[in-house]
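S.K.: Just dropping this structure here.
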Amino acid sequence: MLFIRQQVREVNFFKEGDVTHFNRELTSCHIQRVWNELLEKCYYEKRREIVDMFNRSVVYLHKIQSHIQYNIKTMFMFALGQCLYKLNS
């Protein structure tokens, strides 16, 4: 998945000779070189792996928390409805 995202980004880069939406031709476009240098110097792949590992471990906790919050809201609304029903009876 990481490589697919990265490939999509790189395909969308402006290249030498491309025309912008202002009808201007790009004569010196260094974005690809800058991008490659950035990936090398900031250890992008290593950082991405660390972030993915963290996200995988936290996803389970988020699911549990949202399930608990949903159950508490549902139980509260059910109890409130029961109280209102008894008051009206």
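S.K.: Output the residues belonging to segment 16-29 that are surrounded by 10 or more Cβ atoms within 10 Å (Cβ to Cβ) and either under 17 Å from Gln6 (Cα atoms) or of a type in the set (Phe, Trp, Tyr) (or both).
M.R.: None - no residue of segment 16-29 is surrounded by 10 or more Cβ atoms within 10 Å (Cβ to Cβ) and either under 17 Å from Gln6 (Cα atoms) or of a type in the set (Phe, Trp, Tyr) (or both), so the list stays empty.
S.K.: Are any residues in segment 30-50 among the hydrophobic types (A, V, I, L, M, F, W, C) and either within 30 Å of Lys15 (Cα to Cα) or exposed (fewer than 10 other Cβ atoms within 10 Å of the Cβ) (or both), and if so, which ones?
M.R.: Going through segment 30-50, the residues among the hydrophobic types (A, V, I, L, M, F, W, C) turn out to be 31, 34-35, 38-39, 42, 50.
Ile31, Val34, Trp35, Leu38, Leu39, Cys42, listed by residue number.
S.K.: Hey, another quick one. Within segment 30-51, which residues are of a type in the set (D, E, K, R) and either under 20 Å from the mean Cα position of the chain (by Cα) or over 28 Å from Asp18 (Cα atoms) (or both)?
M.R.: In the first step, residues of segment 30-51 are kept if they are of a type in the set (D, E, K, R); the result is 33, 37, 40-41, 45-49.
Passing the criteria: Glu45, Lys46, Arg47, Arg48, Glu49.
S.K.: A further question follows. Looking only at residues in segment 1-41 that are in contact with a strand residue (DSSP E or B) (Cβ under 8 Å, 6 or more places away or on another chain) and not in a loop (DSSP other than H, G, I, E, B), which one is farthest from Val51 (Cα to Cα)? Even if it seems obvious, please write down each step before you answer.
M.R.: Within segment 1-41, the first condition is being in contact with a strand residue (DSSP E or B) (Cβ under 8 Å, 6 or more places away or on another chain), and the residues that meet it are 17-19, 25-26.
Next cut, not in a loop (DSSP other than H, G, I, E, B) only: 19, 25.
On the way: Val19: 36, Glu25: 38 Å.
It comes out as Glu25.
Every number here is computed from the coordinates shown, using simple stated rules; none is lab data. What you see is a predicted model; the values in this text were computed from it and never measured. Note that we place each Cβ from the backbone using ideal geometry, even for glycine, and neighbour counts take in every protein chain shown.
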